[in-house]
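This report concerns only the one structure given below.
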Amino acid sequence: MIKTMNKYRNIFFFMIDFFLILLIGIFYYLSLPFKSESVVYIPSGSISQIIQNLDNNNYKMSKIDKYILYFLGYPQSGWINIGQTPLNRVEFLHKLTTAKAAEQSIILIPGETTAYFLKQVAKDLNLSEEKLLLEYSKQAKFSEGMLYPETYSIPKGIKEDLLIKLLLAHSFEQSKKAAIKIFGEYNEKKWHQFVITASVIQKEAANNEEMPIVASVIYNRLKIGMKLQMDGTLNYGLYSHTKITPERIRNDESSYNTYKFAGLPAEAVCNVSLNAIKAAIFPAKTEYLYFMRDKKTGLHIFTTNVDDHNKAVAAQRGL
């Protein structure tokens, strides 16, 4: 009897020791310094999915974190303001359930260049323009046309690298979604070639309705080896809103100068709308080779030959 009691007592104390060691281990684990961005994006989903998403984004999470979150409460979805102060793991987990980041809207309009857009974003969000451009060059696969035009809700306090990551990730998903809907698959190089054409359309067309017609002019000229000779292609980079002059046309030696060089520019001119991309993929069937803006309507007068084009130009100039 006494031996049996001693046996159970030993087991009891062993279990107590085991749980004490386990608790000490957990407390130690939760007290370790935890490195985090100042703001963190939490997608909607179960706690297990959230932990997995954080782990996929280099936040080295474990099952312990999942169970601690069950205890602390359900994490809020969206942007979480973690702050700049050094914190430990349990403080990080606690902030996921309590903090929320203040957001600010930034707008990328169709036809705007990345350089000009990031210049404005740097002012609006009090960020470094130089760092934004550097991060874009590091993270983006192409120098232009990688961003999806729309209104973005951005958390205040976000850093340059995370902002670029956010913009590119969202834009990638939108492009992939559109490509799969149109082609049944997403081929990044093929899609970007359409983006290059779409960027010229975006700069030249007066509205969405004109886009397929402008696309037909581009393809008709390319087909016969005729230079595009379009002002809009020279509104690249920080020249986005610069008036094109004869001097610019004479001196610009980039591939964007379609007065000097045949074919499309080597890279997109700007960021484009889905309407412009659809126009590049599905151009109108016309024989137009020229167009001239009508000063009264703001729309374009399309013509098939140089004589009719010259007449349209003369009419607009009052000759």
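The values are calculated or read from the model by the stated rules, or taken from the named source; none is laboratory data. Keep in mind that this is a model prediction, so the values were computed, not measured. Methodologically, a virtual Cβ is constructed for each residue, glycine included, from the backbone with ideal geometry; neighbour enumeration extends over all protein chains shown.
Here are a few things to note about the model shown:
- Residues that are at pLDDT 95 or above and aliphatic (A, V, I, L, M) were ranked within the stretch 111-126; the one that is nearest to the chain's Cα centre (by Cα) is 118.
- Residues considered: 58, 81. Of these, the only one that is out of contact with any Lys or Arg (no Cβ under 7 Å at 6 or more places or on another chain) and polar (S, T, N, Q) is 58.
- Residue in the stretch 186-209 that is on the phi > 0 side of the Ramachandran plot and exposed (fewer than 14 other Cβ atoms within 10 Å of the Cβ) present: no
- Any chance residue 134 is surrounded by 18 or more Cβ atoms within 10 Å (Cβ to Cβ), in a helix (DSSP H, G or I), at pLDDT 95 or above and out of contact with any strand residue (DSSP E or B) (no Cβ under 8 Å at 6 or more places or on another chain): no
- Filter pass, residue 103 being over 22 Å from residue 161 (Cβ atoms), touching a strand residue (DSSP E or B) at 6+ places or on another chain (Cβ under 9 Å) and at pLDDT 80 or above: no
- Elements of type helices (runs of 4 or more DSSP H) contained in the stretch 186-253, each with 2 or more residues being under 17 Å from residue 301 (Cα atoms) and hydrophobic (A, V, I, L, M, F, W, C): 211-223
- Selected residue [within 14 Å of residue 197 (Cβ to Cβ), in contact with a helix residue (DSSP H, G or I) (Cβ under 8 Å, 6 or more places away or on another chain) and of a type in the set (Lys, Arg)] from 223, 278, 227, 285: 278
- Hey, residue 173 charged (D, E, K, R) and outside any helix (DSSP H, G or I) or not: no
- The stretch 276-299, residues that are surrounded by fewer than 18 Cβ atoms within 10 Å (Cβ to Cβ) and within 22 Å of residue 113 (Cα to Cα): 281
- In the stretch 57-125, counting only helices (runs of 4 or more DSSP H) that sit wholly within it, the ones holding 1 or more residues that are more than 30 Å from residue 233 (Cα to Cα) span 63-72, 89-98.
- Subset tally (residues that are closer than 28 Å to residue 304 by Cβ and buried (at least 20 other Cβ atoms within 10 Å of the Cβ)) for the stretch 229-256: 6
- Some residue of the stretch 60-67 being surrounded by fewer than 17 Cβ atoms within 10 Å (Cβ to Cβ) and among the hydrophobic types (A, V, I, L, M, F, W, C): yes
- Identity of the residue in the stretch 78-110, within 20 Å of the chain's Cα centre (by Cα) and polar (S, T, N, Q), that ends up surrounded by the fewest Cβ atoms within 10 Å (Cβ to Cβ): 105
- A single member of 285, 278, 311 is among the basic types (Lys, Arg), within 21 Å of residue 226 (Cβ to Cβ) and not in a loop (DSSP other than H, G, I, E, B), and it is 311.
- In the stretch 129-188, the residues that are in contact with a Ser or Thr (Cβ under 9 Å, 6 or more places away or on another chain) and of a type in the set (Val, Ile, Thr): 151, 154, 158
- Some residue of the stretch 153-168 being farther than 30 Å from residue 105 by Cα, of a type outside the set (Phe, Trp, Tyr) and assigned to a loop (DSSP other than H, G, I, E, B): no
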